[in-house]
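Notes for the one structure printed next.
What follows draws every value from the coordinates through simple rules; no lab data is involved. The model shown is predicted, which means the values in this text are computed figures rather than measured ones. Virtual Cβ from ideal backbone geometry, glycine too; neighbours counted across all protein chains shown.
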């Protein structure tokens, strides 16, 4: 008797818990579904308001507006460039420093480590950094996306601890064969660190793809605005590019077209959604390494 | 920095390759981390960006006195503390609860699927997530439809144009975006618990909730403590990307956090010295908070960061 009630109460709990988890999945996926269906809704229909489950009338008209918009496409290009160059520079620069610092024979290592540690504990903050960027000529310059983000203490520590797990014998045998330090790094160490390189590159790439704030602060010229900054201006400041306004007029809209907004959002997040199933396990692995280190 | 004598000098140059890997990094750190720290001294000057720093006159604590007597500064403190407190008190337990409940799911495949889906929003940019939120909260938006359908409202409310809702909007959007991601660290800690403990407890007749409380929660307590310390010490910070996206002229009086105040004063109004003084004061208070939270946690639970 006692046992049966026990089993039944477990059953109720399991059912509720499963439903709750399905609810979490719904809450997580629905916002993206909402963007997708509204981006596919015909602009004429979108004037009547947003749809909640399915498009009233399927149409790719909004996408053709977005893809024909020079500002948006230029933003797409800038974002792609900063993502590739920015993450590559970050991984390479940070990994090379980490390799040097992981060698105990390095003269001055203790001092170098202290210099690096302070950068994690203290920072100048927004205004001093802004002034410095201006003085360095990085204001309104594409390289503001790349150079100030080339190094992070946290990722350097992850690299260092990974490099330590590579057996010394591998490096020594390469040295005996006459390889230089750079030779060992590029031919032995880095090829054996692909897992950690993948994780850090992906984190860096996601950051570069999603960041809109650097563009708001540092960029004035239209032609180097990243996609997310343009999107910020469209959504939060309700500004539309000239091409979009023309397209809107053509559809007879009074308000900035919702479906065009949603199509822009979809274009800006599609790379993340497409790659997500393949990259998510690397991202989680990265957090685990970070959690153990921190 | 180093005092080289013959032998050491030679050893240093013999490892020029290793040195050439590290030294550019040190130079980078000096330029991009140490120089901005040095630039904090403009908090004590009347600095103008057009002139070299050392030509600006020293003014002592003038800017500190100015912001302490600025009502808008205190308003930004209130907003920051308000949003942080909601996030801390209501928001902090949510990922823990999610991790605990997810752990009770028996099917491994379902568990993994839920987990994978739950941290997707973390990787969606705030521009997009904020864009969705603005649409849902607006006229004819999903939230208004829902509230009217279940009878909690009888007419539409423009949630984002009314300042009184702003703190709650930041709380709900943040919860929706970050719960799954924040739970990862707890899920990892839970997966490290020895299954033998559960079997032993079951033999002793402990029920589901007892096991959850006495084994799972007690085992991940150090993790909870560390994250709590970090959350408390970060109470003067705010999620700038989120607030910057959701703010507008109508909700500014509840939306302007300390970060946004510094941004508005420094970069919009161009009062560089003034907002650097605010930054300076904030870093000192934040450092103090970190030590205080650490000491409190050490006394209460025995767990601490340092």
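Quick one: if the Förster radius is 22 Å, what FRET efficiency do residue B:10 and residue A:180 give, using the C-beta to C-beta distance and rounding to 0.05? After rounding to 0.05, the efficiency reads 0.75.
Round to the nearest 0.05 the FRET efficiency obtained for residue A:166 and residue B:110 when R0 = 45 Å and r is the Cβ-Cβ distance.
Details: r = 37 Å, r/R0 = 0.83.
My answer for the efficiency is 0.75.
For the range A:1-151, what Kirkwood radius comes out of the mean inverse Cα-Cα distance, in Å?
It is 22.1 Å.
Calculate, for residue A:48 and residue B:78, the FRET efficiency according to 1/(1 + (r/R0)^6) with r their C-beta to C-beta distance and R0 35 Å; round to the nearest 0.05. Approximately 0.25, to the nearest 0.05.
So how do A:129-137, B:38-46 stack up, highest first, on mean other-Cβ count within 10 Å? Walk me through the numbers before you get to the answer.
Details: A:129-137: 17.4, B:38-46: 19.4.
Result, highest mean first: B:38-46, A:129-137.
What does the convex hull of the Cα atoms of the range B:1-83 come to per residue, in Å³, rounded to a whole number? Here the figure is 193 Å³ per residue. The mean number of partner chain beta-carbon atoms within 10 angstrom of a residue's beta-carbon across peptide B:76-88 is 0. Shape class of the range B:235-306 from the Cα gyration tensor (axes a ≥ b ≥ c, square roots of the eigenvalues): oblate, since a/c reaches 1.5 or more and a/b does not exceed b/c. Shown for B:70, A:223, A:181, B:154: other C-beta atoms within 10 Å of each C-beta, ranked fewest to most, produce the order B:154, A:223, B:70, A:181. What separates the Cα centres of the range B:79-111 and the range B:31-48 is a distance of 39 Å. For the peptide A:130-136, the mean number of other protein chain Cβ atoms found within 10 angstrom of a residue's Cβ is 5. Across q = 0.06, 0.09, 0.10, 0.11 Å⁻¹, the protein assembly as shown modelled as identical point scatterers on its alpha-carbon atoms has Debye log10 I(q)/I(0) values of -0.38, -0.86, -1.06, -1.26, in the order of the q list.
Taking the convex hull of the alpha carbon positions in the range B:166-254 and averaging its projected area over all directions gives 7.3 nm².
Relative contact order, percent, of chain B when contacts are C-alpha pairs under 8 Å separated by at least 6 residues? Intermediate values should be presented prior to the final figure.
Numbers: 279 pairs, mean separation 80.6, N = 306.
The normalised contact order for chain B reaches 26 percent.
Using just its DSSP H runs of length 4 or more, each adding -39500 (n - 2.57), the protein assembly as shown gives a mean residue ellipticity at 222 nm of -21000 deg cm²/dmol after division by all residues. Cβ-to-Cβ counts within 10 Å put B:278, A:65, A:176 in ascending order as A:176, A:65, B:278, the fewest first. For the range B:49-190, the normalised intensity computed at q = 0.08, 0.12, 0.13 Å⁻¹ comes to -0.40, -0.74, -0.81 (log10 of I(q)/I(0), Debye sum over alpha carbons, equal scatterers, no solvent).
Could you list B:113, A:71 in order of exposure, starting from the residue whose Cβ has the fewest other Cβ atoms within 10 Å? Mind dumping the intermediate values first?
Values: B:113 14, A:71 19.
Ascending Cβ contact count within 10 Å gives the list B:113, A:71.
Using C-alpha pairs below 8 Å separated by at least 6 residues, the relative contact order for the range A:66-292 is 34 percent.
Provide, as a two-decimal number, the C-alpha radius of gyration of chain B over 2.2 N^0.38 Å, N being how many residues it has.
Values: Rg = 25.3 Å, N = 306, 2.2 N^0.38 = 19.4 Å.
Here the Cα radius of gyration is 1.31 times the empirical estimate.
Once the Cα atoms are used to define both axes, helix A:258-293 deviates from the longest principal axis of chain A by about 30 degrees.
Quick check: from the Cα gyration tensor, does the range A:12-60 come out rounded (a/c under 1.5), prolate or oblate? Intermediate values should be presented prior to the final figure.
Working: a/c = 4.46, a/b = 3.74, b/c = 1.19.
Because a/c hits 1.5 or more and a/b exceeds b/c, the range A:12-60 counts as prolate.
Residue by residue through A:94-104, how many Cβ atoms from other chains fall within 10 Å of the Cβ on average?
On the way: counts 1, 1, 5, 8, 3, 3, 11, 5, 1, 4, 0.
Mean shielding count: 4.
Compute the angle between helix A:70-102 and the longest alpha-carbon principal axis of chain A, please, reported from 0 to 90 degrees and rounded to the nearest 10. Tilt relative to chain A: about 20 degrees.
In percent, rounded to a whole number, the relative contact order of the range A:12-60 is 32, using alpha-carbon pairs under 8 Å and six or more apart. Note that the range B:127-199 carries a Kirkwood radius of 14.9 Å, evaluated over its alpha carbons pair by pair. Dimensions of the range B:157-306 along the principal axes, based on C-alpha atoms and rounded to the nearest Å, stand at 67, 42, 21, largest first.
If N is the number of residues in chain A, what value comes out of its Cα radius of gyration divided by 2.2 N^0.38 Å? The partial results should precede the final answer.
On the way: Rg = 25.1 Å, N = 294, 2.2 N^0.38 = 19.1 Å.
That works out to 1.32 for chain A.
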